[in-house]
Amino acid sequence: MSEPTPKRALVAGHGDFAAGLISAVEAVTGRGDLLDPIEVKGLCGEDIQLLLSNRLKANGATIIFTDLQAGSCTMAARRLLREMPGVLLVSGANLPMLLDFVMASAEPQEAARAAVERAKAAISVYEAPK
Amino acid sequence: MTLVLNRIDDRLIHGQVVVGWGQPLDVRFIVLVDDAVAASDWERELYRMGVPPEMELRFHSAAEAAPLLDAYRLDPHPGILLTGDIATMRELVLHGGVREVNIGGIHHRAGRRQYMRYVFLTAEEQQALRDVAALGALVTAQDVPAARAVPLEEMLAHAEDV
């Protein structure tokens, strides 16, 4: 039996944000298993923080991707950074960011920082040619 | 304008408050009333970074906030009054002027029973909400503007059937 794939990052956000983004990462790259979806419906801030802490410890990940800067997952993760200074938090995660992250060969935190730059550059507005 | 929403939400500043309510109500300021947050520089900074720059965030303890509410109601811009627990909101309602209370999120914790997807209460908290209603405030549960505002007694009765 093969060892389970080590998780490189947690993904947490509103509704089915985490599961939805990870399903898209899986569809594009087949590497969705590098990301751990965090489901927080019905949890208070303290419980979200505890859940994030437990999952980081359980799977050895050091990155948390969240959706909104003001979201409860981001707030809980920012509290957690005080206890776990080796953890990197990235808010505003999107699909280009996670695709770049899972495909990178760099160590996770370097990959995450590079993925943020890639994600910013991947936002475009198009309109029909005049 | 005035305080357009008086909300109890144990997550305090988060997406539903800042974006979900904040944008459609054109909210320009949030009055966050919480003794622990008001007393901690770190906590205040944490929440301040969670709101967009055009939104002002004021912090007060419950005792400090009560006499200031009338002045906040005279503000020309729409604002949200936000507490993290029922006891704090009860204190503000008791002081007067809070006619409607929105239950936005009281989440799972040991000893609490579930009433809605986002509302879990102990027996004491259930009574505290009834006390708020008895003081004359219309108490409803509504996490986001698009959801129906569920009256307190309907919410409590619903759970008793579960």
The stretch B:3-161 - percent relative contact order, Cα under 8 Å, separation 6 or more: 27 percent
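With charges set only on the Cβ (+1 for Lys and Arg, -1 for Asp and Glu), what does the dipole of the stretch B:3-161 come to about its Cα centre, in debye to the nearest 20?
Numbers: 15 positive and 24 negative charges, 50 e Å.
I would put it at about 240 debye.
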Computed label-point distance, nm, for sites residue A:120 and residue A:24 using a 7 Å Cα→Cβ extension: 2.0 nm
Shielding by partners - mean other protein chain Cβ count within 10 Å, residues of B:9-17: 6
With Cα atoms, 0 to 90° folded angle of helix B:86-95 axis to chain B main axis: 70 degrees
Rounded tilt (10° steps) of A:45-59 against the dominant C-alpha axis of chain A: 90 degrees
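Could you give the Stokes-Einstein D for the protein assembly as shown in µm² per second, using the C-alpha Kirkwood radius, 25 °C, 0.890 mPa s?
For the chosen part, D equals 119 µm²/s.
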Label-to-label distance, nm, for residues given as residue B:146 and residue B:45 (7 Å Cα→Cβ offset): 3.7 nm
Bridge type composition, the protein assembly as shown - antiparallel percent by DSSP, nearest 5: 15 percent
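Run through the DSSP bridge list for the stretch A:9-115 and note the antiparallel percent, rounded to the nearest 5.
0 percent
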The stretch B:20-70: mean projected area of Cα convex hull, nm²: 3.9 nm²
Helical contribution to [θ] at 222 nm, DSSP H n ≥ 4, -39,500 (n - 2.57), averaged over the protein assembly as shown, rounded to 500: -11500 deg cm²/dmol
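To the nearest µm²/s, what D does Stokes-Einstein give for the stretch A:9-115 at 20 °C and 1.002 mPa s, using the Kirkwood radius over alpha carbon pairs as Rh?
Stokes-Einstein gives a translational diffusion coefficient of 159 µm²/s.
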Label point distance in nm, residue A:58-residue B:159, each placed 7 Å from Cα along Cα→Cβ: 2.7 nm
Note, ³J(HN,Hα) from phi for the stretch B:37-44, Karplus 6.51, -1.76, 1.60, rounded to Hz, x at Gly and Pro: 5, 4, 8, 10, 4, 5, 4, 4
Amide H contacts under 5 Å for residue B:56, placed H, 5+ residues apart: B:29, B:30
Shielding by other protein chains, A:46-59, mean Cβ within 10 Å: 1
Modelled FRET efficiency - R0 30 Å, residue A:82 with residue B:99, Cβ distances, 0.05 increments: 0.15
Residue order, fewest to most beta carbons within 10 Å, for B:95, B:60: B:95, B:60
Degrees separating the helix A:72-83 axis from the principal Cα axis of chain A, which is the longest one: 50 degrees
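May I ask for the equivalent-ellipsoid semi-axes of the stretch B:3-161, computed as the square root of five times each C-alpha gyration tensor eigenvalue and listed largest first in whole Å?
Computed over the stretch B:3-161, the values are 24, 17, 16 Å.
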For a label point 7 Å along the Cα-to-beta-carbon line of residue B:131, residues of the stretch B:76-119 with backbone N under 16 Å: B:84-96
Shielding by partners - mean other protein chain Cβ count within 10 Å, residues of A:64-70: 4
Rg in Å to one decimal, and Dmax rounded to a whole Å, for the stretch B:1-88 via C-alpha atoms: 11.8, 31
Exposure proxy ranking, count of Cβ atoms within 10 Å, fewest first, for B:29, A:101, B:120: B:29, B:120, A:101
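FYI, it's all coordinate maths here, none of it is from the lab. Computed from a predicted structure; not experimentally measured. Virtual Cβ from ideal backbone geometry, glycine too; neighbours counted across all protein chains shown.
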